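One structure is given here, and the rest of the page talks about it.
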Amino acid sequence: MAGFETNPGERVFADTNRYTLQGNKVKFPVYTRCIVTDQRFVCFDMGKMAPFHFQLGFLLRLMVKGKPVSLPLRNLKLSRGKYAKNNKILLVSSEDGREVFLDRYEKSLEWFRNVLLQNGIGLSQIAEEEWRVSL
């Protein structure tokens, strides 16, 4: 699978693992790599392997990294998402309609906000539980 490469002049703010919800019709919690740079937010999508991520052995999980999904940081929207009965999800969405579900709403929002603030970027609140990245 493809890896992550920075663009020329791009700075990485955070490179960590977070819980995301992935899958086609049914979403499964997956502990995957998430990267925030000064230009984009990148999360690795396991695709068809998402349901089996925890069942795979440790060595197989090291080999299956996933496909990077890149969302431009400019005008990125963060809001409370919902999947089935779970409303403790941070929905990260771009203007072109691509979405990433981060689990643990409060912790994920705090993590995202802190990463951006430490690097001079803020979040503008546009609704009760909705923010937009302001560069």
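Things worth noting here:
- Against the list (1) modelled with pLDDT of 90 or more; (2) part of a loop (DSSP other than H, G, I, E, B), the condition Asn75 fails is (1).
- Scanning the range 96-118 for residues that are charged (D, E, K, R) and either under 12 Å from Leu21 (Cα atoms) or surrounded by 12 or more Cβ atoms within 10 Å (Cβ to Cβ) (or both) turns up Arg98, Glu99, Asp103, Arg104, Lys107, Glu110, Arg113.
- Filter pass, Lys107 being assigned to a strand (DSSP E or B), under 15 Å from the mean Cα position of the chain (by Cα) and either of a type in the set (D, E, K, R) or modelled with pLDDT of 95 or more (or both): no
- Matching residues in the range 1-30 - criterion: being small (Gly, Ala, Ser) and either part of a strand (DSSP E or B) or surrounded by 15 or more Cβ atoms within 10 Å (Cβ to Cβ) (or both): Ala14, Gly23
- Every residue from the range 2-48 that is among the β-branched types (Val, Ile, Thr) and touching a strand residue (DSSP E or B) at 6+ places or on another chain (Cβ under 7 Å): Thr6, Val12, Thr16, Thr20, Val30, Thr32, Ile35, Val36, Thr37, Val42
- Across the range 31-42, the qualifying residues are those that are of a type in the set (Ser, Thr, Tyr) and buried (at least 19 other Cβ atoms within 10 Å of the Cβ), and the one among them that is nearest to Ser70 (Cα to Cα) is Thr37.
- Pairs with Cβ under 9 Å, 6+ apart, first in the range 108-135 and farther than 12 Å from Lys77 by Cα, second outside any strand (DSSP E or B) and among the polar types (S, T, N, Q): Leu135/Asn75
- Looking only at residues in the range 1-38 that are within 18 Å of Val115 (Cα to Cα) and touching a Pro at 6+ places or on another chain (Cβ under 9 Å), the one that is modelled with the highest pLDDT is Ile35.
- One residue from Ile121, Ile89 being of a type in the set (Val, Ile, Thr) and either loosely packed, with under 12 Cβ neighbours inside 10 Å or over 13 Å from the mean Cα position of the chain (by Cα) (or both): Ile121
The values are calculated or read from the model by the stated rules, or taken from the named source; none is laboratory data. Quick caveat: nothing in here was measured; it's all calculated off a predicted structure. When we count neighbours, we look across all protein chains shown, and the Cβ atoms used for this are built from the backbone with ideal geometry, even at glycine.
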